[in-house]
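Asker: Can you read through this structure? Questions will come right after.
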Amino acid sequence: MARKWSPACLQVADGVLYYRMEDGTMCLIEPNPQQCVERGRFEQPDRTRLPAWAHPVVANGKLYTRDQDVLFCCDVKAR
């Protein structure tokens, strides 16, 4: 079954594409010229129903995403 991809905002950090769909879903994608290789996916907690267009930011091992007037932070540092 093929994955459904929606419009999204992208960020590249530490060799990973952070692909944030407009519904708030965050996908971690391995860059590969042959195919799209998804390495993980998670849903943002306490998500609004409005489209998410703010670009994700990765800094100091943290992933920052904004949903309207709320800022979320996830630890994405490799362990």
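Where a number appears in this text, it was derived from the coordinates with a stated rule and is not lab data. As the structure is a computational prediction, the values presented were derived from the model and not from experiment. Here the Cβ positions follow ideal geometry from the backbone for every residue, glycine too, while neighbour counts run over all protein chains shown.
Asker: In nanometres, what is the gap between the two model label sites at E43 and D75, each 7 Å from Cα along Cα-to-Cβ?
Answerer: 2.4
Asker: Using Cβ counts within 10 Å as a stand-in for footprinting exposure, how do M21, M26 rank, fewest first?
Answerer: Details: M21 17, M26 22.
Listed from fewest to most nearby Cβ atoms, that is M21, M26.
Asker: Sticking with this one: Which longest uninterrupted range of the chain lacks any chymotrypsin sites (Phe, Trp or Tyr not before Pro) assigned by DSSP to a loop state (not H, G, I, E or B) and surrounded by at most 13 other Cβ atoms within 10 Å? Present the calculation step by step, with values, prior to reporting the outcome.
Answerer: Details: sites that count: W5, W53.
It runs 6-52.
Asker: Kindly give Rg over Rh for the chain, based on alpha-carbon atoms, with the Kirkwood expression for the hydrodynamic radius. Spell out each step's value before the answer.
Answerer: Values: Rg = 12.4 Å, Rh = 13.1 Å.
Looking at the chain, the ratio lands at 0.95.
Asker: Are there trypsin sites (Lys or Arg not before Pro) in the stretch 1-76 that DSSP puts in a loop and that have at most 16 other Cβ atoms within 10 Å, and which ones?
Answerer: Details: sites: R3, K4, R20, R39, R41, R47, R49, K62, R66; in loops: R3, K4, R47, R49.
Qualifying residues, ordered by number: R3, K4, R47, R49.
Asker: Excluding F72 itself, calculate the net charge of residues whose Cβ lies under 9 Å from the Cβ of F72, where each Lys or Arg counts +1 and each Asp or Glu counts -1.
Answerer: Values: positive: R66; negative: D46, D67.
Around F72, the surrounding residues sum to -1.
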